[in-house]
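**Q** Here you go, one structure.
The values are calculated or read from the model by the stated rules, or taken from the named source; none is laboratory data. Note that the structure is predicted; figures quoted are calculated from it, not measured. Note: ideal-geometry Cβ built from the backbone for every residue, glycine included; neighbour counts use all protein chains shown. Note: areas computed on protein heavy atoms with side chains; ligands, DNA, RNA excluded. Shrake-Rupley method; radii C 1.70, N 1.55, O 1.52, S 1.80 Å.
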Amino acid sequence: MKGGQSSRFWGRHSSLTLAALFLTTIFFWSWENNPLLTSLLSAQEQFLMHTSVDHFHDTSLLSNPLELEEDSVSQLPEYTEDGITIKPSESDMDEMTTPVYERKDQNRVSDSHIKKRACDYGKGRWVADNRRPLYSGLGCKQWLSDMWACRLTQRTDFSYEGYRWQPNDCEMPEFQGSEFLRRMQDKTIAFIGDSLGRQQFQSLMCMASGGEEKPEVESVEWKFGLTKSKGAIRPDGWAYRFPATNSTILYYWSASLCGIEPINITDPATEYAMHLDRPPAFLERYLPQLDVVILNTGHHWNRGKLRANKWLMYAEGKQVINRKLAEMGNAKNYTLYSIARWFDSQIPLYPHLKVFLRTISPRHFANGEWNTGGSCNNLSPLSKGSEVFQNQSSDPVVEDAVSGTMVKILDITALSELRDEAHISHYSRKASEGVNDCLHWCLPGIPDTWNELLYAQL
C-alpha cells in the first residue's frame with residue numbers, strides 16, 4: 001500500500017512539474033513574441049534583453065581608436081580639435097582594442113543566414129575599369145576639400161582610382177550624375193555622421209556634378225539651421241540645391257548619432273548630456289523635409305573624445321550608472337540600436353523616407369597606432385585580395401542594429417578593407433615626417449563606391 005501511495009504521489013508531482021514547465025515556456029514565448037508585452041519594457045531593457053552576456057563581454061565591440069580629424073596624424077603625443085588640446089591617457093589606449101570590423105565569430109548566426117537576401121551588394125569583387133574615376137580630383141574644387149584631394153598632393157601613383165566594385169548577384173547601374181539628380185527630383189538626401197560621412201557627402205557632390213563647376217548650385221544651409229556657431233572652426237554642416245531638379249544634398253555633423261544638449265544652459269563651461277537613446281535634435285526637427293538619410297558613426301567612441309567634448313552618457317533622461325552600458329562599445333551599440341528603432345517608428349509616418357545605416361569604414365594602420373608610428377605605405381592595389389566571399393557583414397553591430405527594422409544596411413566594410421592603398425597616408429599638401437592618415441580616403445576614391453552602392457539601392 002505504501003509503495004502504491006508513493007507511486008501515485010510522485011506521479012501527481014511529476015505531472016504538476018511538467019505542467020508548470022509547459023506554462024512557463026508558453027509565458028516566455030508569448031512575452032518575447034508579443035509586441036504589446038515587449039513594448040512595456042523600456043528601450044534600455046529591450047536592448048539588454050536582446051543582447052547576450054557574451055555580447056557585453058566581447059572586447060572586439062569596444063571603441064575604435066580616435067578618429068583623426070581634418071589633419072589626421074600619427075606619432076604625435078597630443079592632438080587639437082576645435083581649439084582644444086587633447087592628451088590621450090593610458091586608459092584611452094587601453095580602450096583602443098580590435099576594431100569591430102576585424103571581429104571573426106564563426107558561430108554567430110545572423111538574419112542573412114536565416115533568410116537569404118535578394119541581393120547582397122557587399123559580396124563581390126573589385127575589377128579594373130578604365131572608365132574610372134567618375135570625376136576629376138583636380139576639377140572638383142567647388143566641394144572637395146583640399147586635404148582629401150590626393151591629386152593636389154605629392155602622391156604620384158593613382159592606380160587606386162581605376163577600379164569599380166562588382167557585386168556577385170546584383171545588377172549595378174552605371175552612375176550618371178544627371179540620372180541621379182532626375183531620380184532625386186524634388187527630394188533631399190542627408191548624410192548624418194562623422195568626417196567619413198562628410199567624405200561620402202563630398203564624394204556625392206562631385207559625382208552628381210561630374211566634378212565640374214556648377215555656379216547655379218545654391219547654398220541652402222539656412223533652410224536647415226546649419227550655421228557656424230561662435231568660436232567654431234566650421235559650421236554644423238552644408239546643404240546644396242541643384243535648381244534644375246530641385247534636388248538637395250546635405251551633410252550634418254553628428255559624430256555619435258546621439259542627442260546632445262547642455263546640462264546647464266546658463267553656464268558657459270557646462271557639460272553636455274549625450275543621450276544614447278535619442279536622435280540628434282537636427283533629425284527630430286528636419287526629418288519631414290528629408291527623403292533619404294545615410295547614417296554613420298564609430299570612430300569617435302572613446303574616452304578622449306567624450307572628455308574633450310564634455311559629454312556625459314545619458315539614457316532614459318538620467319546619467320548612465322549601469323557599468324555594462326557605460327562601457328564604450330556597449331554605449332555605441334545601444335545608440336545604434338536606439339536610432340534604428342527610432343527611425344523604424346518614423347518611417348510609417350513618412351512613407352517616402354528611406355534610411356540607411358552605413359557600416360564602419362576600416363582603418364589600415366600598420367606597425368603601430370595613429371599615435372605610435374602607424375602607417376599605410378602600400379601603393380599596390382588589391383594586395384590583400386580582390387574578392388569578398390562572406391555571407392554576413394563584417395560589421396555585426398550595425399547588422400544586428402537594423403535587424404527587424406525598416407532601416408537598410410549600407411554594407412561597405414569588407415569591400416573597403418581590401419583597399420588599404422587608397423588612404424591619404426603620409427601624402428598631404430603639408431606633408432611632413434611622421435604624418436599619416438590611414439583612416440580617411442583619397443577622393444576620388446573608395447567613398448565613390450559607397451555612393452554607387454547607395455545609388456543602386458535607391
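Per-residue answers, yes or no, for (1) assigned to a helix (DSSP H, G or I); (2) over 25 Å from the mean Cα position of the chain (by Cα); (3) modelled with pLDDT of 95 or more:
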residue: R155; (1), (2), (3): no, yes, no
residue: Y160; (1), (2), (3): yes, no, yes
residue: Q166; (1), (2), (3): no, no, yes
residue: M172; (1), (2), (3): no, no, no
residue: F175; (1), (2), (3): no, no, yes
residue: S178; (1), (2), (3): yes, yes, yes
residue: R182; (1), (2), (3): yes, yes, yes
residue: Q185; (1), (2), (3): no, yes, yes
residue: I189; (1), (2), (3): no, no, yes
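**Q** Can you find, within segment 340-395, the residue that is farthest from D157 (Cα to Cα) among those that are open to solvent by less than 20 Å² (accessible area, probe 1.4 Å) and in a helix (DSSP H, G or I)?
**A** Going through the qualifying residues, I end up with I347.
**Q** Next question. Can you tell me which residue in segment 292-312 is farthest from the chain's Cα centre (by Cα), limited to those that are open to solvent by less than 20 Å² (accessible area, probe 1.4 Å) and farther than 21 Å from R363 by Cβ?
**A** V292
**Q** Taking P268 as the residue in question, decide whether it is more than 18 Å from I189 (Cβ to Cβ) and either exposed (fewer than 13 other Cβ atoms within 10 Å of the Cβ) or among the aliphatic types (A, V, I, L, M) (or both). Talk me through it step by step, then tell me what you get.
**A** Details: more than 18 Å from I189 (Cβ to Cβ): yes; either exposed (fewer than 13 other Cβ atoms within 10 Å of the Cβ) or among the aliphatic types (A, V, I, L, M) (or both): yes.
Judged against the criteria, P268 is a match.
**Q** Given the conditions (1) within 19 Å of the chain's Cα centre (by Cα); (2) open to solvent by less than 30 Å² (accessible area, probe 1.4 Å), and given that D277 satisfies all but one, which numbered condition is not satisfied?
**A** (2)
**Q** Hey, L290 hits all of (1) closer than 26 Å to P348 by Cα; (2) out of contact with any Leu (no Cβ under 9 Å at 6 or more places or on another chain) but one; which does it fall short on?
**A** (2)
**Q** For segment 221-245, give me each residue that is buried (at least 18 other Cβ atoms within 10 Å of the Cβ) and assigned to a loop (DSSP other than H, G, I, E, B).
**A** L226, D236 - these are the residues of segment 221-245 that are buried (at least 18 other Cβ atoms within 10 Å of the Cβ) and assigned to a loop (DSSP other than H, G, I, E, B).
**Q** Also, quick follow-up: Can you tell me which residues in segment 341-392 are among the polar types (S, T, N, Q) and touching an Asp or Glu at 6+ places or on another chain (Cβ under 8 Å)? Working first, answer last.
**A** The first filter runs over segment 341-392 and keeps only residues among the polar types (S, T, N, Q), leaving 345-346, 359, 361, 367, 371-372, 375, 377-378, 380, 383, 386, 390-392.
Passing the criteria: T359, N378, S380, S383, N391, Q392.
**Q** What's the total number of residues in segment 367-394 that are under 27 Å from A128 (Cβ atoms) and free of Cβ contacts under 8 Å to residues at least 40 places away in the same chain?
**A** Step one: list which residues in segment 367-394 are under 27 Å from A128 (Cβ atoms), which gives 375-391, 393-394.
Going one step further and asking which of them are free of Cβ contacts under 8 Å to residues at least 40 places away in the same chain, we end up with 383-385.
Number satisfying all stated conditions: 3.
**Q** If you go through segment 205-223 one residue at a time, do you hit one that is under 25 Å from the mean Cα position of the chain (by Cα) and under 27 Å from L312 (Cβ atoms)?
**A** No: zero hits.
**Q** Next question, about the same structure. If we scan segment 316-326, do we find a residue that is touching a residue at least 24 places away in the same chain (Cβ under 8 Å), open to solvent by 10 Å² or more (accessible area, probe 1.4 Å) and closer than 26 Å to D411 by Cβ?
**A** no
**Q** Looking at segment 182-199, can you tell me whether even one residue there is farther than 18 Å from E417 by Cα, out of contact with any Pro (no Cβ under 8 Å at 6 or more places or on another chain), crowded, with 19+ Cβ neighbours inside 10 Å and free of Cβ contacts under 8 Å to residues at least 60 places away in the same chain?
**A** Checked against the condition, which is being farther than 18 Å from E417 by Cα, out of contact with any Pro (no Cβ under 8 Å at 6 or more places or on another chain), crowded, with 19+ Cβ neighbours inside 10 Å and free of Cβ contacts under 8 Å to residues at least 60 places away in the same chain, segment 182-199 yields at least one hit.
**Q** Mind counting the residues in segment 247-283 that are closer than 27 Å to G329 by Cα, without any contact (Cβ under 8 Å) to a residue 24 or more places away in the chain and not in a strand (DSSP E or B)?
**A** 1
**Q** Right, another one. On the basis of being in a helix (DSSP H, G or I), on the phi < 0 side of the Ramachandran plot and hydrophobic (A, V, I, L, M, F, W, C), does A208 make the cut? Outline the logic, then answer.
**A** On the way: in a helix (DSSP H, G or I): yes; on the phi < 0 side of the Ramachandran plot: yes; hydrophobic (A, V, I, L, M, F, W, C): yes.
So A208 fits the description; yes.
**Q** Further, regarding this structure: Please verify whether T156 is of a type in the set (V, I, T) and surrounded by 20 or more Cβ atoms within 10 Å (Cβ to Cβ), treating the condition exactly as stated. Full working, then the answer.
**A** Values: of a type in the set (V, I, T): yes; surrounded by 20 or more Cβ atoms within 10 Å (Cβ to Cβ): no.
Judged against the criteria, T156 is not a match.
**Q** With the structure loaded, tell me whether I409 is open to solvent by 10 Å² or more (accessible area, probe 1.4 Å) and not in a loop (DSSP other than H, G, I, E, B) or whether it fails that test. Even if it seems obvious, please write down each step before you answer.
**A** Values: open to solvent by 10 Å² or more (accessible area, probe 1.4 Å): yes; not in a loop (DSSP other than H, G, I, E, B): yes.
When the stated conditions are applied, I409 passes them.
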